[in-house]
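Undergrad: Structure provided below as structure tokens; questions to follow.
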Amino acid sequence: MIIKNGMGKLVIISGPSGSGKTTVCKLLEKEPNVKKSVSVTTRPPRYDEKNGESYYFVNNTEFKEMIQRGELAEYATYCNYYYGTPLNALKEALKKEIIYLLEIDVQGAIQIMEKFPEVISIFLLPPDKDTLHNRLIKRNTNKKKDMEVRLKTAAKELEFKDRYNYCVINDNLDTTVNTIRKILNIS
């Protein structure tokens, strides 16, 4: 499915868990013409997340119904939970003069790249494996088994980094955000 681009830009921000996607997106969202998509997920909310702001939290049945109705531009499973991007929101974003951020995993990013060839894709990399591990520990929401799964998944995701338009090492948050601002021509 190819939807003709109006004035809006779709931008994928992707990378392994702990690469800083959420933090980078929050900082970019402070720009007046930048908006982040709100994904749908079946995972339980974290302590600081609100339904409709962080994610739309739904159960497995509701998510599968959304798939059947063709309401998702992409969807994937990650750590035994479903995640997806509402298609209608993407269509609306392309009609507006905004930069629309999609904070999604590699599986979803590849689906979006195929459906929306005009998308700008950015892969965030941690400086090294130790930093990634420490970030996941600091988050303090991951059980040991969950962290092992996330680290294995991160290794697999890194294999796809060359499919992205840009790879940015997130070693210093300000530098990372400024690099992405330059990529997106945000002054």
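Undergrad: Can you tell me which of (1) buried (at least 19 other Cβ atoms within 10 Å of the Cβ); (2) modelled with pLDDT of 95 or more is the one K9 doesn't meet?
TA: (2)
Undergrad: Now for a separate question. Mind checking which residues of segment 12-45 are β-branched (V, I, T) and touching a residue at least 60 places away in the same chain (Cβ under 8 Å)?
TA: Step one: filter segment 12-45 for residues β-branched (V, I, T), giving 12-13, 22-24, 34, 38, 40-42.
Once the filter is applied, which keeps residues that are β-branched (V, I, T) and touching a residue at least 60 places away in the same chain (Cβ under 8 Å), segment 12-45 yields I12, I13, T22, T23, V24, V34.
Undergrad: Evaluate the following for N165: is it closer than 15 Å to L10 by Cα and either surrounded by 13 or more Cβ atoms within 10 Å (Cβ to Cβ) or modelled with pLDDT under 95 (or both)? Give the derivation first.
TA: Working: closer than 15 Å to L10 by Cα: yes; either surrounded by 13 or more Cβ atoms within 10 Å (Cβ to Cβ) or modelled with pLDDT under 95 (or both): yes.
Yes, satisfied.
Undergrad: Restricting the search to segment 108-141, which residues are part of a helix (DSSP H, G or I) and at pLDDT 90 or above? Can you show your working first?
TA: Narrowing segment 108-141 to residues part of a helix (DSSP H, G or I): 108-115, 129-139.
Of everything in segment 108-141, those that are part of a helix (DSSP H, G or I) and at pLDDT 90 or above turn out to be G108, A109, I110, Q111, I112, M113, E114, K115.
Undergrad: Kindly indicate the residue of segment 13-30 that is outside any helix (DSSP H, G or I) and either surrounded by fewer than 16 Cβ atoms within 10 Å (Cβ to Cβ) or in contact with an Asp or Glu (Cβ under 8 Å, 6 or more places away or on another chain) (or both) and also modelled with the lowest pLDDT among those meeting that condition.
TA: Step by step, filter segment 13-30, then rank; the result is P16.
Undergrad: What number of residues within segment 8-42 are closer than 22 Å to N88 by Cβ and among the charged types (D, E, K, R)?
TA: Initially, segment 8-42 is screened for residues closer than 22 Å to N88 by Cβ, giving 8-14, 25, 29, 33-42.
When the remaining residues are screened for being among the charged types (D, E, K, R), the result is 9, 29, 35-36.
So the answer is 4.
Undergrad: Restricted to segment 156-183, and to residues that are of a type in the set (D, E, K, R) and touching a residue at least 60 places away in the same chain (Cβ under 8 Å), which residue is farthest from E29 (Cα to Cα)?
TA: The qualifying residue farthest from E29 (Cα to Cα) is E157.
The values are calculated or read from the model by the stated rules, or taken from the named source; none is laboratory data. This one's a predicted model, so the numbers in the text were calculated from it and none came from an experiment. Counting neighbours? That spans all protein chains shown, and the Cβs are built from the backbone with ideal geometry, glycine included.
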